[in-house]
Structures are given as structure tokens and as C-alpha cells.
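*Asks:* Okay, handing you the structure first.
The values are calculated or read from the model by the stated rules, or taken from the named source; none is laboratory data. Quick caveat, the model's predicted, so the values are computed rather than measured. With ideal geometry, Cβ positions are generated from the backbone for all residues, glycine too; neighbour counts draw on all protein chains shown. Protein only, heavy atoms only, side chains kept; ligands, DNA and RNA dropped before computing areas. Shrake-Rupley method; radii C 1.70, N 1.55, O 1.52, S 1.80 Å.
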Amino acid sequence: MNKILDGKKTSLKIKEEIYEITSKLSKDDLPVLGIIQIGDLEESNIYIKHKMNMAKELNIDSILVKLTDNPTDEKIFETIKELSNQVTGIIVQLPMVSQNVSSVQNILNSIEELQDIDGLRIIDNQFNPLFLPATPKGIILLLNEYKIDFSNYDVSVVGQSNIVGKPLSFYFDTHSKISRRYDKLTPKDNLKFSDLVIVATGVKNSVTVDMLKDDVILMDVGIHRENSKISGDLDFDACIEKAKYITPVPGGVGPMTVISLIINLIKSYCLQNPDKLNLYKKINKYF
């Protein structure tokens with residue numbers, strides 16, 4: 001039995017489905033991606049390049065605005081407002097590198113709801129209901145691709161960041177039988193009840209194989225680079241022996257994140273232009 005949940009293969013499949021549509025459309029019928037980068041982190045530059053390249057390969061234009069001079073909140077708000085008139089959806093690349101930024105969340109909240117394709121607006125403790133953030137969305141799409149019905153599962157999400165863990169936990173609160181959330185595991189915590197475990201702590205070996213039940217489904221969101229080798233939060237070689245399914249790193253959740261952002265961008269376009277929805281009806285199952 002093949003235990004691998006192949007995110008690379010799945011993302012390419014979805015990409016081909018999108019390209020089949022976008023390759024035949026004029027620019028007037030296509031969304032435009034807007035990216036704001038505060039600072040000049042090399043890792044952010046790499047991630048932004050991946051997103052813009054994906055958009056380009058799908059005939060989707062993108063606009064990148066880089067603010068590298070320690071901009072104030074006011075300057076960033078002004079930039080978001082100006083960019084909103086030129087694009088369909090906006091993301092602010094995280095982390096922001098500026099000594100003058102007083103509140104990252106206030107900046108994210110300033111993006112219009114219909115343009116918040118990263119799904120990171122949080123108003124009155126509520127995430128944007130229109131868009132699941134790209135990494136959580138990629139996880140759900142990958143589970144769906146492998147026909148894994150988690151509605152009756154006991155699900156644990158380990159790691160509670162605003163980008164991955166929290167929105168994913170909220171999603172499973174309404175889409176699974178039991179939803180458990182952990183920021184950091186303590187010795188009393190027990191994952192052996194859980195059928196599906198998503199690990200998004202950013203800490204290597206934060207979940208170990210002895211904590212898990214047999215035939216568990218494991219999804220690893222972590223990424224660590226050591227001596228040119230890339231690995232996740234889990235000990236893959238140990239965990240695959242116990243798992244029913246598992247995502248590899250690289251090639252698991254990562255590729256699904258970028259394609260999910262593009263799906264959110266197209267959804268944003270359709271929400272803003274309901275008369276164009278019919279153009280994208282073949283992929284609205286991913287919305």
C-alpha cells in the first residue's frame with residue numbers, strides 16, 4: 001500500500017485543470033495577484049518568486065510592491081489601499097521586517113474582506129469566512145484528493161499559529177467529529193485517540209512516534225533546512241511505519257500551499273465578478 005499523500009502530484013493536477021481554463025481567457029477575464037513585501041528577507045524573496053512564477057505559468061498577472069525602508073503603519077495602509085485598485089487579491093508576505101510596524105494583525109485586517117486571499121483577517125476573534133488560508137486549504141484539498149473522509153475522525157492539530165494551526169482547528173471544529181488543538185504538547189497530552197494528526201509547530205520531533213496510534217494519518221507542515229537537507233517536524237522514517245498515510249517533506253503540504261493561494265485568488269475574482277463565475281465552473285469544487 002502506498003502511504004504517501006503526494007502534494008506535488010496533486011498540485012500539478014489542479015494546476016493543469018486551472019491552466020485548461022486560464023489559457024483560453026483574455027486578461028479581462030483573469031484575476032491579478034497583488035503582493036506587498038515589507039523588508040527584504042531572502043526566504044521571503046524565494047516564497048514570493050514561487051507565487052509569482054505559478055501565477056505567470058497560469059497566465060495570471062501579478063504586482064509586487066516592496067517596502068524596504070522601515071515603513072510606518074500609515075505607509076503600509078496607504079500602499080494596501082493603492083494596490084487594491086489595481087489587483088483582485090492582496091497578500092502581505094510574512095514575516096514583516098520593519099521596526100516601525102506596531103501591529104501586524106491591524107495591517108492584515110486593513111485588507112478588504114473580498115481581497116483577503118490569505119484569509120488572515122481576524123475581526124472580533126473571527127477569521128475571514130470567505131477564505132481558508134492557503135496552507136490549511138492545501139491540507140483539506142490533499143485529504144479530499146485521496147478521498148479521506150474526516151467527518152467522523154478524531155482530529156488533532158498541534159501548533160496554533162494564526163497562519164496554520166488556528167484556522168485549521170476552527171475548520172475541523174465544524175467538519176470533524178472531534179477536534180483537539182494543542183499549542184505545545186505536555187506529558188499528559190495523548191494523541192493516541194486521534195485518527196488524523198496535523199503537526200505545525202515549527203519544532204523538529206515535537207510529535208514522536210510513541211505518541212501516535214496505529215494507522216494514524218499524519219500531515220507535516222514543518223520545514224527545516226540542515227546541511228542542504230530538508231525535513232519536517234516529524235521523524236518521517238519512524239512515523240511512516242505506524243502511519244496509514246503521511247505527507248513527505250518536501251513534496252507534501254508545501255506544493256499545495258501555492259496552488260491553494262491561486263485558487264483563493266480565482267475565488268476572489270468570482271466573488272467580485274459573479275457574472276464571470278461560469279468561466280471557472282470546472283474548478284469551483286476547489287473554492
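*Asks:* Taking the conditions exactly as written (part of a helix (DSSP H, G or I), free of Cβ contacts under 8 Å to residues at least 60 places away in the same chain and under 20 Å from Leu168 (Cβ atoms)), does Pro136 satisfy them or not?
*Replies:* yes
*Asks:* Also: Between Ile36, Ile46, Ile80, which is open to solvent by 70 Å² or more (accessible area, probe 1.4 Å), assigned by the TED database to the domain that holds Val97 and among the hydrophobic types (A, V, I, L, M, F, W, C)?
*Replies:* Ile46
*Asks:* Check whether at least one residue in segment 35-58 is closer than 22 Å to Asn128 by Cα, under 19 Å from the mean Cα position of the chain (by Cα) and in a helix (DSSP H, G or I), and report yes or no.
*Replies:* So far as segment 35-58 goes, yes, one or more of its residues are closer than 22 Å to Asn128 by Cα, under 19 Å from the mean Cα position of the chain (by Cα) and in a helix (DSSP H, G or I).
*Asks:* Restricting to segment 156-170, and then to whatever is closer than 15 Å to Leu185 by Cα and crowded, with 20+ Cβ neighbours inside 10 Å, can you tell me which residue is nearest to the chain's Cα centre (by Cα)?
*Replies:* Gly165
*Asks:* OK, next. Considering (1) in contact (Cβ under 8 Å) with a residue 40 or more places away in the chain; (2) assigned to a loop (DSSP other than H, G, I, E, B); (3) not polar (S, T, N, Q), say which one Asp69 fails and leave the rest.
*Replies:* With respect to (1) in contact (Cβ under 8 Å) with a residue 40 or more places away in the chain; (2) assigned to a loop (DSSP other than H, G, I, E, B); (3) not polar (S, T, N, Q), Asp69 is out only on (1).
*Asks:* Give just the number: which of (1) assigned to a helix (DSSP H, G or I); (2) more than 19 Å from the chain's Cα centre (by Cα); (3) not assigned by the TED database to the domain that holds Lys81 does Asp28 not satisfy?
*Replies:* Unmet for Asp28, out of (1) assigned to a helix (DSSP H, G or I); (2) more than 19 Å from the chain's Cα centre (by Cα); (3) not assigned by the TED database to the domain that holds Lys81: (3).
*Asks:* Same structure, new question: Give, as residue ranges, the strands (runs of 3 or more DSSP E) completely inside segment 187-263 that count at least 1 residues that are open to solvent by less than 50 Å² (accessible area, probe 1.4 Å) and farther than 29 Å from Ile91 by Cβ.
*Replies:* It comes to 216-220, 243-246.
*Asks:* Right, here's the next one. When only residues in segment 144-186 that are free of Cβ contacts under 8 Å to residues at least 24 places away in the same chain and not acidic (Asp, Glu) count, which is farthest from Pro95 (Cα to Cα)?
*Replies:* Lys147
*Asks:* If you don't mind, there's one more thing I want to ask. Please go through segment 27-75 and pick out each residue that is more than 28 Å from Leu271 (Cβ to Cβ) and among the β-branched types (Val, Ile, Thr).
*Replies:* Result: Ile46, Thr68, Thr72.
*Asks:* Here is a check on your reading of the model: is Glu74 among the charged types (D, E, K, R), outside any strand (DSSP E or B) and either touching a Phe, Trp or Tyr at 6+ places or on another chain (Cβ under 6 Å) or under 23 Å from Asn273 (Cα atoms) (or both)?
*Replies:* No.
*Asks:* Looking at (1) open to solvent by 40 Å² or more (accessible area, probe 1.4 Å); (2) in contact with a Pro (Cβ under 8 Å, 6 or more places away or on another chain), can you tell me which one Pro133 breaks?
*Replies:* Among (1) open to solvent by 40 Å² or more (accessible area, probe 1.4 Å); (2) in contact with a Pro (Cβ under 8 Å, 6 or more places away or on another chain), Pro133 violates only (1).
*Asks:* Looking at this structure, is Thr79 assigned to a helix (DSSP H, G or I), at pLDDT 95 or above and over 30 Å from Asp237 (Cα atoms)?
*Replies:* Here the answer is yes, as Thr79 does meet what is asked.
*Asks:* Moving on. Might you check whether a residue that is more than 26 Å from Ser206 (Cα to Cα), without any contact (Cβ under 8 Å) to a residue 60 or more places away in the chain and in a helix (DSSP H, G or I) occurs anywhere in segment 119-132?
*Replies:* Scanning segment 119-132, I find no residue that is more than 26 Å from Ser206 (Cα to Cα), without any contact (Cβ under 8 Å) to a residue 60 or more places away in the chain and in a helix (DSSP H, G or I), so the answer is no.
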